[in-house]
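Chemist: Okay, handing you the structure first.
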Amino acid sequence: MHTINLILILRYKLVINILLDYNNKYYIYRNGIFMKILAIGDIVSRQGCDYLRQTLMKLKRDYGADIIIVNGENASTGNGILPADADFIFNCGADVITLGNHALRRPEICDYLEENDFIIRPCNYHPSASGKGMTLLDKGAVKVAVINAQGAVYLDNIENPFTAIDREIENAKAENASIIIIDFHAEASSEKRAMGFYVDGRASVLFGTHTHVQTSDEQILPNGTGYITDLGMTGPYYSVLGIEPEIAIRKMKTNLPVRFSNPDGPCTVEGCYFEIDNKTGKTVNIERFRR
Ligand SMILES: [Fe+2]
Ligand SMILES: [Fe+2]
């Protein structure tokens, strides 16, 4: 009697497994397979780092993210990023750290940029600069390239970002990357929007960083590139781009030197979620967030 029961249970389990497997395959057939990416705006100060640690795993769970990209150029007090800050951000769960105009502010980071493949600085820096402007993530069937570039408007006069991004997209394709993500670290919203349309259909995603103010223009461009002008910031909520308001006001009112500091109190994490079709490399869903 016991043996017959066991056989029935095993058969029942087998049927259930076949049905679940079929259901899973049917879901993939109907919906495709998607790469889910979270991009997090500039981390500012120790307060921003601590808030990232408190929030990132919950964000990852909420969105079921496969890849997390964090802009870390202001992670150190003052600005720039130190090796300990980069380690901290990776330990919070970041897969890639992108940077910007403060990338090389702290000389201590130069060796780290050479040794770690997953922290990148703008690709249009002078060829003698430490580090690299593109990295590759091998996600099994899909290779994902992440590119960092810096704008030319109101920032240092470095290589033109349009030609630099053309080159890096070609490099990514030569490495068989089917998903290409670009962090365009730039000041002018016009330059960022122009770059969005310039790469539309060639990159899966282009998001802006640097202004620390989140824009509400997230959209999927006509040829499938997920786009937002600026992700925003991760750091003190009651601040001027992460800086103590009273100090920012004094600086602007007197134009005398001040020492920047970052206020304690509530923080915010801002960014954008992108869902990309692995087959086409196009964004199919985009959602801006602030927590
Ligand atoms: Fe920044
Ligand atoms: Fe910046």
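Chemist: Hey, what angle do you get for helix 83-92 against the long axis of the chain, alpha-carbon based, 0 to 90 degrees rounded to 10?
Modeler: Tilt relative to the chain: about 30 degrees.
Chemist: Work out from phi, with θ = phi - 60° and the Karplus expression 6.51 cos²θ - 1.76 cosθ + 1.60, the ³J(HN,Hα) of each residue of the stretch 228-242, listed in order in whole Hz, and give x for Gly and Pro.
Modeler: My calculation for the stretch 228-242 gives 8, 5, 8, 5, x, 9, 10, x, x, 6, 8, 7, 9, 6, x Hz in order.
Chemist: Suppose R0 equals 25 Å. What FRET efficiency, 1/(1 + (r/R0)^6) with r the Cβ-Cβ distance, do I33 and N223 give to the nearest 0.05?
Modeler: E between I33 and N223, to the nearest 0.05, is 0.75.
Chemist: Could you order peptides 130-136, 277-283 by the average number of other Cβ atoms within 10 Å of their residues, highest first?
Modeler: 130-136, 277-283
Chemist: Follow-up. With a ≥ b ≥ c the root eigenvalues of the C-alpha gyration tensor of the stretch 101-232, is it rounded (a/c under 1.5), prolate (a/b larger than b/c) or oblate?
Modeler: The shape class here is oblate.
Chemist: Hey, with R₀ at 25 Å, roughly what FRET efficiency would R53 and K251 work out to, going by the Cβ-Cβ distance, to 0.05?
Modeler: Efficiency, from the Cβ-Cβ distance: 0.25.
Chemist: Using only the Cα atoms of the chain, build the gyration tensor, take square roots of its eigenvalues as a ≥ b ≥ c, and label the shape rounded, prolate or oblate: rounded if a/c is under 1.5, else prolate if a/b is larger than b/c, else oblate.
Modeler: Details: a/c = 2.20, a/b = 1.69, b/c = 1.31.
Prolate is the answer for the chain, as a/c is 1.5 or above and a/b outweighs b/c.
Chemist: For the stretch 36-290, what is the relative contact order in percent, using Cα pairs closer than 8 Å and at least 6 residues apart in sequence?
Modeler: For the stretch 36-290, the relative contact order is 19 percent.
Chemist: Which entries of K36/K60; K143/K279; K60/K173; K36/K143; K192/K279 have Cα-Cα distances beyond 21 Å here?
Modeler: K60/K173; K192/K279
Chemist: Here's a follow-up. Arranged from highest to lowest average of other beta-carbon atoms within 10 Å per residue, in what order do the peptides 219-230, 68-79, 104-115 appear?
Modeler: The peptides rank, most packed first, as 68-79, 219-230, 104-115.
Chemist: As I understand it, the value is the acute angle between the Cα axis of helix 245-254 and the longest principal axis of the Cα atoms of the chain; what does it come to in degrees, rounded to 10?
Modeler: The answer is roughly 30 degrees.
Chemist: Using only Cα atoms and rounding to the nearest 10 degrees, what angle (0 to 90) does helix 189-199 make with the longest principal axis of the chain?
Modeler: Here the helix axis deviates by roughly 40 degrees.
Chemist: Considering amide H positions built from the backbone, and no H for Pro or chain starts, which residues 5 or more places from Q150, or on another chain, come under 5 Å of its amide H?
Modeler: Long-range HN contacts for Q150: C123, N124, H185.
Read the figures in this text as sums done on the coordinates, not as results from a lab. This one's a predicted model, so the numbers in the text were calculated from it and none came from an experiment. Cβ sites come from the backbone with ideal geometry, for glycine too, and all protein chains shown count toward neighbours.
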